Amino acid sequence: GENEEHTESTQEELNRAQLAYELMEMFKSLPGFKSSGEVDKEYFTDWMLKALNGCREMNRGIIGEQEIGKQLSYSPIGTDGDWPHEIIRDFIEKYYTENIEIGFCIGRYNQRGVFTRTGGKEERRLAKSYYSYADRFRIHWPKCAAIMKKIGDNYLYQARKEEEEEQY
């Protein structure tokens, strides 16, 4: 935990940590989001805040926030047709931390899965998509817009890198 002296873990502690990690990695849906498309915002917010506070109380705030950020990245498309869902945008605006942002970005990048190199074309398309979200979010969800821009910037960087590599 944060601010704890490092000690060697017992095998039982290592096993519990591994199981906890595997459990977190299995979550691909968000609490309060139903397959019907209905969302219970109050339930979602309550669950997320309890999880965040629980992690912080156990001196696991940094990793807890990053894991919550990863979970948020599994958001469905919002009722307005934009990703992430408006409830996730609202949550990010109200409860933003740098660690939630880090987890959110990592989760989103990892969802891309295996991909084929296209000389940067696909990365440019993705960057354009995230820049478009950033532009639409900048008034009502400025923190979320900044995250979308950051993801777009990363894809643009990857596109340029692929283009450079193709020249050699």
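The values are calculated or read from the model by the stated rules, or taken from the named source; none is laboratory data. Source: prediction; values computed, not measured. Heads up, the Cβs are rebuilt from the backbone with ideal geometry, glycines too, and the neighbour counts pull from every protein chain shown. Side chains included, ligands, DNA and RNA excluded: accessible areas come from the protein's heavy atoms. Shrake-Rupley method; radii C 1.70, N 1.55, O 1.52, S 1.80 Å.
Of all residues in region 102-123, those that are closer than 19 Å to Asp135 by Cα, acidic (Asp, Glu) and open to solvent by 20 Å² or more (accessible area, probe 1.4 Å) total 0. Listed by first and then second residue, the pairs with beta-carbon distance under 6 Å, at least 6 apart or on different chains, first residue in region 154-168 and open to solvent by 100 Å² or more (accessible area, probe 1.4 Å), second modelled with pLDDT of 95 or more and of a type in the set (S, T, N, Q), form an empty list. Kindly indicate whether Met24 is within 20 Å of the chain's Cα centre (by Cα), at pLDDT 80 or above and of a type outside the set (Lys, Arg). Judged against the criteria, Met24 is not a match.
Per the listing Ile87, Ile68, Ile62, Ile102, the residue uniquely touching a strand residue (DSSP E or B) at 6+ places or on another chain (Cβ under 9 Å), closer than 30 Å to Tyr157 by Cα and not basic (Lys, Arg) is Ile87.
Report whether or not Leu30 is at pLDDT below 95, closer than 30 Å to Arg136 by Cβ and open to solvent by less than 20 Å² (accessible area, probe 1.4 Å). Yes: the conditions hold for Leu30. Restricting the first member to region 23-45 and to residues that are over 10 Å from Ile87 (Cβ atoms) and in contact (Cβ under 8 Å) with a residue 24 or more places away in the chain, and the second to residues that are open to solvent by 60 Å² or more (accessible area, probe 1.4 Å) and not in a helix (DSSP H, G or I), the beta-carbon pairs closer than 8 Å and six or more apart or on different chains are Phe27/Tyr74; Lys28/Tyr74; Ser29/Tyr74.
Of all residues in region 66-75, which are open to solvent by 20 Å² or more (accessible area, probe 1.4 Å) and farther than 17 Å from Tyr130 by Cβ?
Gln66, Glu67, Lys70
In this entry, Glu123 is excluded by the filter for residues that are under 29 Å from Ser36 (Cβ atoms) and outside any loop (DSSP other than H, G, I, E, B).
Checked against (1) at pLDDT 80 or above; (2) over 17 Å from the mean Cα position of the chain (by Cα); (3) closer than 19 Å to Ile63 by Cβ; (4) open to solvent by less than 90 Å² (accessible area, probe 1.4 Å), Gln18 passes all but a single condition, namely (4). Per the conditions (1) free of Cβ contacts under 8 Å to residues at least 12 places away in the same chain; (2) closer than 21 Å to Lys34 by Cβ; (3) exposed (fewer than 15 other Cβ atoms within 10 Å of the Cβ), the sole criterion not satisfied by Glu86 is (3).
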